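What follows is a single structure, written as structure tokens, with notes after it.
Every number in this text was worked out from the coordinates using simple rules, so none of it is lab data. If you're wondering where the values come from, they're calculated on a predicted model, not measured in any experiment. Virtual Cβ from ideal backbone geometry, glycine too; neighbours counted across all protein chains shown.
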Amino acid sequence: MDALRRVAVIIGYEWRRALAKKKILALLILAIAFQTLIMIGFSQLVGTIFLTNEIKPFMWIYGVLQGQGLFVQLIAIIVAGSSMAEEYEHGTADILLSKPITRVEYISGKFLGGFSLLAMVEALTTFVGVVLSLWFFGAQSGLQFAPLMFLAIAYSSLIFFCLSFMCSEIFRGSTLAMLLAFGIFIASTVIGAILVSLSSLSGQHLYLYLSECIPTWAATSFPSFLMSELITAPSTALPVADPETLYLATTIIAVYTIIFLLIAAYRLLKTDVTKKTA
């Protein structure tokens, strides 16, 4: 129980530290504004070939997913990228670890604190997406799956959260960690699109398989894949996915998450805690 209490203290500390950052609040406001503008735009297309009455009852899915591919990942990178690194930059890591707390408890509290904050942000954007869809498009179908959609989004965000968390501990510089994680996010997005295009042009499935191994594929596609298995919706509302594809995306997220966390934990447990960096 003492260990759990110490982890809980670190979680609370991580929330206070992260919420003090105005850029996280700014990104959250931008994400909600983006959701709102997208839904307003969609509302002007009702009755056209782009948004038929058949799709209207499923617009909550679009509302919830808007911003998940960019803004949520950005918030994940910022929260995790500064989590470990700022303690070294400010010289507080050695102070915190001089307290009666183990390094396992420390890294567990930092990870759980940052990820629970990210989950709170994702819960808010999910709620806003549902409210906007009801406001602009009326009664919606399948809303009982909204909590599962939130859990799917939270799970899919683990990849880049853990990547940034790992970079934060390895390089012990918040700016470098965030830039590297964001650079990998952009690069994998571009490379994935190129591989899919090559697969379509050449007919070679190898390119498609390679694109599915890139982090952004599972991170951005998993929620919609899950919904396609749960909801009977028009083919234009959700991408076509089968159980094998869903299982593959689930596995890829788990593998990347475990690898990144193990590397971060090894770095903390096997190296000295440095003093304040320049």
Fill in: Surrounding net charge for R267, when Lys and Arg each add one and Asp and Glu each subtract one, Cβ distance under 14 Å
+1
Discussion item. Just to be sure I understand the model, the point goes 7 Å from the Cα along the line to the Cβ. What's the resulting L208 to A187 distance in nm?
Written reply: 2.7
Worksheet entry | Positive-pole candidate from V190, V128, L179, dipole of the chain, charges at beta carbon | L179
Practice prompt. For helix 215-230, report the angle its Cα long axis makes with the longest principal axis of the Cα atoms of the chain; keep it between 0 and 90° and round to the nearest 10°.
Written response: 50
Fill in: Principal axis dimensions, largest first and in whole angstrom, of the stretch 150-262 by Cα
46, 34, 21
Discussion item. So for the stretch 2-270, considering every pair of alpha-carbon atoms, how many percent are separated by more than 22 Å?
Written reply: 59
Worksheet item: For the charge dipole of the stretch 36-115, defined by +1 on Lys and Arg C-beta atoms and -1 on Asp and Glu C-beta atoms about the Cα centroid, which residue among L97, V79, V64 has the Cα displaced farthest towards the positive pole?
Response: V64
Worksheet item: Once you wrap a convex hull around the alpha carbon atoms of the stretch 93-139, what is its projected area averaged over all directions, in nm²?
Response: 4.3
Worksheet item: Any idea what angle helix 103-137 forms with the longest principal axis of the chain, computed on alpha-carbon atoms, 0 to 90 degrees, nearest 10?
Response: 20
Worksheet item: Under a GNM of the chain (C-alpha, springs under 10 Å), which listed residue has the highest mean-square fluctuation: Y209, Y155, Y13?
Response: Y209
Discussion item. Under the 0.36 nm per residue contour assumption, what length would be gained going from the current alpha-carbon distance of L176 and L97 to full extension?
Written reply: 26.1 nm
Response to the item:
For the chain the mean separation of alpha carbon contacts under 8 Å (6+ apart) over residue count, i.e. relative contact order in percent, is 26
Worksheet entry | Between 0 and 90°, nearest 10: helix 158-171 axis offset from the chain longest Cα axis | 30
Discussion item. Is there a quick way to get the dipole size of the chain? I mean about its Cα centre, with the Cβ of Lys and Arg at +1 and of Asp and Glu at -1; what is the value in debye to the nearest 20?
Written reply: 900
Discussion item. Taking the Kirkwood radius as the inverse of the mean 1/r across Cα pairs, report the Rg/Rh of the stretch 111-211.
Written reply: 1.10
Worksheet item: How large is Rg over Rh for the stretch 1-84, taking Rg from the Cα atoms and Rh as the Kirkwood inverse mean of 1/r across Cα pairs?
Response: 1.20
